[in-house]
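Student: Starting off with a structure, shown below.
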Amino acid sequence: MMKRLISVLFFALFLALSYAVLQMPPAGTPDAPSYNHTTEHYLANALEETGATNVVAAILTDYRAWDTLGETIVLFTAIVAVISVLRKRPTAEVIRDE
Amino acid sequence: MIEFFNVLLVIFLILSALAVERTKDLLSAVIIFGAYSFMMAVVWLLLRSPDVALTEAAIGAGVTTLLFVGLVSRTRRWE
Amino acid sequence: MNDIIVKTVTRIMVPFIQMYGIFVILNGHISPGGGFAGGALIGVSLILYTLVFGVGAAEKKFSHRLGDLSESGGILIYLVIGSVGIVSGGYFLTNLDAGFLKGEAGALLSGGMIPLLMVAIGIKVTSTIITLFHAMIEEDPS
């Protein structure tokens, strides 16, 4: 009984989300809410301000270079954690004995 | 025509996502997940973002599949 | 894996995959792609080599020491390129005002520091992927 109620609820959620997706503007239209003055500035001035023809690369490594640095640091921290757990080290035994 | 292709891709995406969850053989699930990533890359291409499509094809279909294959080889294959 | 077909095909394919990865990294500022996708491609080629020829042969090509060096080297290159902006009197990670070559739009040598940062990110992602896979595959199965 409870299981059926939960599936009906999820089906209603699926219908509501499908309706919401159908209301979205088509991809790439200028009327979309995400197309604001920031996008306009990037598309109009990225070539003069950075010299790169790929606007995505210009945003990633020029306008938002700090975010890419943060991403790189996240990767570095993740790999340091994995290595410190998984890799066999001769010094690890010494540290454990002390 | 392109709308029809889009709908076909999304239906395939949903079916493969369900198949990943239903499959008992974990290696088959990993391969189906790779197919899902390739379809997702095509969907990104149709949504006019080739950068994300390239990254999805390289990381989603390549690295994730290989990491999961390594993981399955270190644990057991059947759920 | 002791299959002659797989070994031969891998030996032929790996240089082409790595060539495509380098192409994607170096053309990141003029065509789709960039450091993450290109670095992932090179990492996948090294994973393929590891799967076919074993961890021992792959350790000779990409040793632990090289992994450690490129792991910290990529992020250091990024920080050094960013510091050029401070030295020239601007902010951290200043691009064209710091004196980087703007070049002609669409040429390989253009975009200021963007290709250099792409190379740094590519080195970082490659070594991350291959170090992760080696650490996972060579751990003792006991």
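Read-outs throughout are calculated quantities, based only on the coordinates presented, and are distinct from any laboratory measurement. Since this is a predicted model, take the numbers as computed values, not measurements. Don't worry about glycine lacking a Cβ; one is built from the backbone with ideal geometry, like all the others, and counts go over all protein chains shown.
Student: Determine, for B:44, A:66, the number of other Cβ atoms within 10 Å of each Cβ, and report the residues in order from fewest to most.
Tutor: Fewest-to-most Cβ neighbours within 10 Å comes out as A:66, B:44.
Student: Something else now. Quantify how strongly other chains surround peptide B:63-71 by giving the mean number of their Cβ atoms within 10 Å of each of its Cβ atoms.
Tutor: For this peptide, the per-residue mean of nearby foreign Cβ atoms is 4.
Student: Looking only at A:32, A:46, A:20, which one moves most when chain A is put into a Gaussian network model with springs between Cα atoms under 10 Å?
Tutor: Result: A:20 has the largest fluctuation of those listed.
Student: Further question: Would you please classify the overall shape of the range C:1-48 from the alpha carbon gyration tensor, given that a ≥ b ≥ c denote the square roots of the eigenvalues, rounded means a/c under 1.5, and beyond that prolate means a/b larger than b/c while oblate covers the rest?
Tutor: Verdict is prolate for the range C:1-48.
Student: Quick check for me: using +1 on Lys/Arg Cβ and -1 on Asp/Glu Cβ, what's the dipole size of the range C:1-80 about its Cα centre, in debye to the nearest 20?
Tutor: The dipole of the range C:1-80 has a size of about 200 debye.
Student: Here is a follow-up. Compute the angle between helix C:35-61 and the longest alpha-carbon principal axis of chain C, please, reported from 0 to 90 degrees and rounded to the nearest 10.
Tutor: For helix C:35-61, the angle is close to 30 degrees.
Student: Around residue B:42, with a cut-off of 13 angstrom between Cβ atoms, what is the net charge of the other residues, counting Lys and Arg +1 and Asp and Glu -1?
Tutor: Value of the local net charge: 0.
Student: Follow-up question, since we're still on this one. Evaluate the distance, in nm, between pseudo-label points positioned 7 Å from the Cα of residue C:65 and of residue B:17 along their respective Cα→Cβ axes.
Tutor: Label at residue C:65, label at residue B:17, 4.8 nm between them.
Student: Continuing with the same structure: Under a point spin-label approximation (7 Å from Cα along Cα-to-Cβ), what is the residue A:9-residue A:23 distance to one decimal in nm?
Tutor: 2.3
Student: Right, something else. With charges only on Cβ, +1 for K and R and -1 for D and E, what is the dipole size of the protein assembly as shown about its Cα centre, in debye, rounded to 20?
Tutor: 1000
Student: Let me ask another. With only alpha-carbon pairs counted, each pair once and no self-pairs, how large is the Kirkwood hydrodynamic radius of the protein assembly as shown in angstroms?
Tutor: Roughly 22.4 Å, rounded to one decimal.
Student: Still on this structure: Tell me which trypsin sites (Lys or Arg not before Pro) from the range B:1-52 have a DSSP coil assignment and no more than 10 other beta carbons within 10 Å of their own.
Tutor: Listed in order of number, the matching sites are B:24, B:48.
Student: Based on Cβ point charges of +1 for Lys and Arg and -1 for Asp and Glu, what charge dipole magnitude is obtained for chain C about its Cα centre, in debye rounded to the nearest 20?
Tutor: Roughly 320 debye for chain C.
Student: Show me, for the range A:30-45, the HN-Hα J-couplings you get by feeding each phi into the Karplus relation (A = 6.51, B = -1.76, C = 1.60, θ = phi - 60°), rounded to Hz, glycine and proline as x.
Tutor: Computed from phi, the couplings for the range A:30-45 are x, 7, 5, x, 6, 8, 10, 5, 5, 4, 4, 4, 4, 5, 7, 10 Hz.
Student: Could you give me D for chain C, from Stokes-Einstein at 25 °C and 0.890 mPa s, where the hydrodynamic radius is the Kirkwood radius over C-alpha pairs? Units µm² s⁻¹, please.
Tutor: This corresponds to a translational diffusion coefficient of 148 µm²/s.
Student: Here's a follow-up. Springs between alpha-carbon pairs under 10 angstrom, Gaussian network model over chain A: which of A:50, A:77, A:38 fluctuates most?
Tutor: Of the options given, A:77 has the highest mean-square fluctuation.
Student: Go ahead and set up a Gaussian network model of chain C, Cα springs under 10 Å, then flag whichever of C:60, C:124, C:102 fluctuates most.
Tutor: C:60
Student: At a 10 Å Cβ-Cβ cut-off, how would you order C:29, A:37, C:64, fewest neighbours first?
Tutor: Final ranking by Cβ density, sparse to dense: A:37, C:64, C:29.
Student: Modelling each spin label as a point 7 Å along the Cα-to-Cβ direction, I'd like the residue B:31/residue B:6 distance in nm, to one decimal.
Tutor: With each label point 7 Å from Cα toward Cβ, the separation is 3.2 nm.
Student: Step through the residues of the range C:71-80 one at a time and calculate ³J(HN,Hα) from phi using the Karplus curve (6.51 cos²θ - 1.76 cosθ + 1.60, θ = phi - 60°), rounding each to whole Hz and writing x for Gly and Pro.
Tutor: Per-residue couplings from phi come out as 4, 8, x, x, 6, 5, 4, 4, 5, 5 Hz.
Student: Hey, another quick one. For a quick check: sort A:76, A:11 by the number of other beta carbons within 10 angstrom, fewest at the front.
Tutor: In increasing order of surrounding Cβ atoms, one gets A:11, A:76.
Student: Of the lysine pairs in chain C, how many meet both conditions: Cα atoms under 21 Å apart, and a spacing of 8 or more in sequence or different chains?
Tutor: Counting lysine pairs in chain C gives 4.
Student: Normalized C-alpha radius of gyration of chain B, against 2.2 N^0.38 Å?
Tutor: 1.19
Student: Kindly write out, for the range B:7-23 in residue order, the coupling ³J(HN,Hα) from the Karplus curve 6.51 cos²θ - 1.76 cosθ + 1.60 (θ = phi - 60°), rounded to whole Hz, with x marking Gly and Pro.
Tutor: Per residue, the Karplus-derived 3J(HN,Hα) values read 4, 4, 5, 5, 5, 4, 4, 5, 5, 6, 5, 5, 5, 4, 6, 8, 6 Hz.
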